[in-house]
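Below you'll find the structure, written out as structure tokens, and then a few comments.
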Amino acid sequence: MKIGVFDSGLGGLVITKAFIEEMPNYDYLYYGDSRHLPYGDKTSGQILSYTLKAMRYMISQDCKIIIIACNTATSIALRYIQQRFLPSEAPDVKVLGVVIPTVEVAAAGGARRIGVAATAATARSHIYREELGKVNPAADVLEIAVPGLVPAIEADDFAKAEKIARECAVSFAGCDNLILGCTHYPLVKHFFRAALRGVKIVSQDELMAGKLKDYLQRHPEIQNCLGTGGSYRFEVSSLNRHAQKVASLLFPEIPICRCGNSGD
Ligand code: DGL
């Protein structure tokens, strides 16, 4: 069986790259719902429905564990998936998100003021404030939506992405840590690091592989089901030239293809 990685587009490929570098022997299926991107400005109902459809598809493709490498889908859909969907439809499958592992890293060391840059849907859900508050109740959490950053990245417009990142960085100047709470943002983390020299930037591509490895070691009932042939399949629901370009920069050897799950 496979490790599945899901995102609304290509951002999750950055996390997949980290997984494969850390644990190359497993079999992976990446699925990006690029047809419905950006999730960040959709309603909660739409995000839940797209994410459930993706889960059904990935489970049908033999995923034993799925990482929702999308903060927006994690914020809106993960709880429902874990509490309602999996028990009735796929009790043997595990679905994990990106928020809790990120909170564990960001709250370590007793940071007092923690910034979160995210999509509008993630910021609106206040999931980071809620989860950081459980670990570090004294922390002051500043969640800010950065609309426009994901579309600029997906459109390959890095000059625009830099401008947006620099403008929003101003709001986080007094923070100890800044969580890049969207899996597209690691692609522009250097802009945030350049603009916020005294702030620790928490980037999910740097933490998720270690967290998954640790999880699998603690859960042999899942780890023992995983294929170890090192086969990688990357799929998106809508393929365009930019998707192919980003994927080929990250994984020159692996083609990305459109999958049959792309209808509405
Ligand atoms: N990659 C998604 C996230 O982590 C956001 C992209 C989108 O808006 O679809 O939140």
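Laboratory data are not the source of any read-out in this text; all were calculated from the coordinates shown. Model, not experiment: these values are computed from the prediction. Every residue, glycine as well, gets a Cβ built from its backbone with ideal geometry; the counts of neighbours run over all protein chains shown.
As a proxy for reagent exposure, ranking Thr43, Thr16, Thr72 by other Cβ atoms within 10 Å from fewest up yields Thr43, Thr16, Thr72. What the phi angles of segment 237-247 give under the Karplus curve with 6.51, -1.76 and 1.60, with θ = phi - 60°, is a coupling list of 7, 8, 9, 10, 5, 5, 4, 5, 5, 4, 4 Hz, glycine and proline written as x. Between Ile144 and Gln83, the simple label model (points 7 Å from Cα in the Cβ direction) yields a spacing of 3.2 nm. How far apart, in nm, are two points set 7 Å out from the Cα along the Cα-to-Cβ line at Asn25 and at Arg241? If labels sit at Asn25 and Arg241, their model points lie 4.2 nm apart. In this calculation the C-beta distance from Arg218 to Ala173 is compared with R0 = 35 Å, giving a FRET efficiency of 0.35. Counted over the chain, the DSSP beta bridges are approximately 0% antiparallel.
With a Förster radius of 25 Å applied to the C-beta separation of Arg129 and Asp62, the computed FRET efficiency comes to 0.10.
If you wrap the Cα atoms of segment 127-264 in a convex hull and average its projected area over all directions, you get 11.5 nm².
By the Stokes-Einstein formula, at 0.692 mPa s and 37 °C, segment 128-193 with its Kirkwood radius over alpha-carbon pairs has D equal to 256 µm²/s. Going from the residue with the fewest nearby Cβ atoms within 10 Å to the one with the most, Tyr232, Tyr39, Tyr26 rank Tyr232, Tyr26, Tyr39. Sorting His36, His242, His190 from the fewest to the most surrounding beta carbons within 10 angstrom yields His190, His242, His36. What angle, in degrees between 0 and 90 and rounded to the nearest 10, separates the Cα long axis of helix 71-80 from the longest principal axis of the Cα atoms of the chain? The angle comes out at about 60 degrees.
Based on alpha-carbon atoms, the Kirkwood radius and the radius of gyration of segment 106-160 give Rg/Rh equal to 1.10. Under 5 Å between amide hydrogens, built in the peptide plane, is the criterion, and for Gly9 it picks out Asp33 among residues at least 5 positions away or on other chains.
The sum of -39500 (n - 2.57) across all DSSP H runs of n ≥ 4, divided by the residue count of the chain, sets its helix-only mean residue ellipticity at 222 nm to -12500 deg cm²/dmol.
Here the gap between Arg112 and Lys160, fully extended at 0.36 nm per residue and compared with their Cα-Cα distance, gives a gain of 14.2 nm. For q values of 0.10, 0.16 Å⁻¹, compute log₁₀ I(q)/I(0) with the Debye formula on a Cα-only model of the chain, without solvent. Debye intensities relative to I(0), on a log10 scale: -0.46, -1.23. Backbone geometry of segment 195-207 corresponds, through the Karplus equation with coefficients 6.51, -1.76 and 1.60 at θ = phi - 60°, to 3J(HN,Hα) couplings of 7, 10, 5, x, 9, 6, 8, 9, 10, 5, 5, 8, 10 Hz, x marking Gly and Pro. With bins 10 Å wide beginning at 0, the percent of Cα pairs of segment 65-205 falling in each bin runs 12, 42, 32, 12, 2.
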